[in-house]
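Some notes on the structure that comes next.
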Amino acid sequence: MSELLVDFITSLDGYASGEGWPGFWGLEGPEYLAWLSEQPEVTYLMGANTYRLMSGFAAGEVPSGQDEFRPEEEASVDELTQASKMVFSSSLEEPLTWANSTLVRDDAVEAVRVMKSSGSGLLSTIGSLSLCRSLLRAGLVDRFRVVMFPVITGATGAERIYDGYPDVALEMIEHRTFDGRIQLVEYKPRVLEHPPLGVPA
């Protein structure tokens, strides 16, 4: 059976990106980049918007506000190009041009449920906020990981991650600090029907 990881990188105030900011908010360091390079092989899950954005980067489209990719950004996009990707969309057309990408038109929640029960290895989301929210609501997420970068993007932040989420209890299973400033927290999530009635003793 496959394991499903929802994986976010965020500003401290919970934004997935910021207008005019470079990738990783320009704050990645050698420890964090080394950790990224050591991650196990995964199959990435994404929606149409993330596919359009990331495949554009892979085709050489530079993010708004930048003249060129930084080496760290190029390496990240190259790794994504080599990875297997499942793209859930009713609007995209085949064939998908980004290498190693498969278009899935079925309902994403049911498709991922089947992928989990019949497959092996690790499934991981990338971006795709509404997809992540749907998978979490359906109880399909085994691990919820957030890497927080030390910046508040209150004026320029885009894509607020947790808007529309249910209440979720989080049991911490890992935490780590990279380069003295980047904080990783990883949890086992449990969607709540209502807030707890009391605090455990």
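Annotations for the structure displayed:
- Annotation for the stretch 123-201 versus the stretch 31-73: alpha-carbon center distance of 20 Å.
- Dipole moment magnitude, nearest 20 debye, the stretch 141-182 about Cα centre, only Lys, Arg, Asp, Glu C-beta charged: 180
- Entry note, the chain: relative contact order of 35 percent, from Cα contacts under 8 Å with a spacing of 6+ residues.
- Spherically averaged projected area in nm², based on the convex hull that wraps the Cα atoms of the stretch 1-151: 9.0
- Cα-Cα separations in the stretch 64-191 greater than 18 Å, expressed as whole percent: 68
- Heavy-atom accessible surface of Arg137, to the nearest 10 Å², is about 130 Å², with a 1.4 Å probe and all protein chains retained.
- Ser90 - accessible surface, heavy atoms, 1.4 Å probe, Å² rounded to 10: 110
- Residues of the stretch 136-163 with amide N under 18 Å of the 7 Å Cα→Cβ point at Gln183: 144-154, 161-162
- Note that the stretch 1-111 presents 54 Å² accessible area per residue, ligands and nucleic acids not counted, probe 1.4 Å.
- Sites matching GluC sites (Glu not before Pro) across the stretch 73-102 that sit in DSSP coil, with at most 12 neighbouring C-beta atoms within 10 Å: Glu93
- With contributions of -39500 (n - 2.57) from each DSSP H run of at least four residues, the per-residue ellipticity at 222 nm computed over the chain stands at -7500 deg cm²/dmol.
- Annotation for Leu192 and Glu74: the two label points, set 7 Å from Cα along the Cα-Cβ direction, are 4.7 nm apart.
- DSSP beta bridges confined to the chain are antiparallel in about 45 percent of cases.
- The charge dipole of the stretch 80-201, taken about its Cα centre with unit charges on the Cβ of Lys, Arg, Asp and Glu (plus for the first two, minus for the last two), comes to roughly 240 debye.
- Amide H contacts for Ala158 (H built 1.01 Å from N in the peptide plane; partners 5 or more residues away or on another chain; cut-off under 5 Å): Ala16, Ser17, Gly18, Glu19.
- Carbon/sulfur fraction of accessible area - the stretch 92-164, other protein chains in place, 1.4 Å, %: 50
The values are calculated or read from the model by the stated rules, or taken from the named source; none is laboratory data. Quantities reported herein were computed from a predicted structural model and do not represent experimental measurements. So basically every Cβ, Gly included, is an ideal-geometry build from the backbone, and we count neighbours across all protein chains shown. Surface areas here come from the heavy atoms of the whole protein model, side chains and all, with no ligands, DNA or RNA. Shrake-Rupley method; radii C 1.70, N 1.55, O 1.52, S 1.80 Å.
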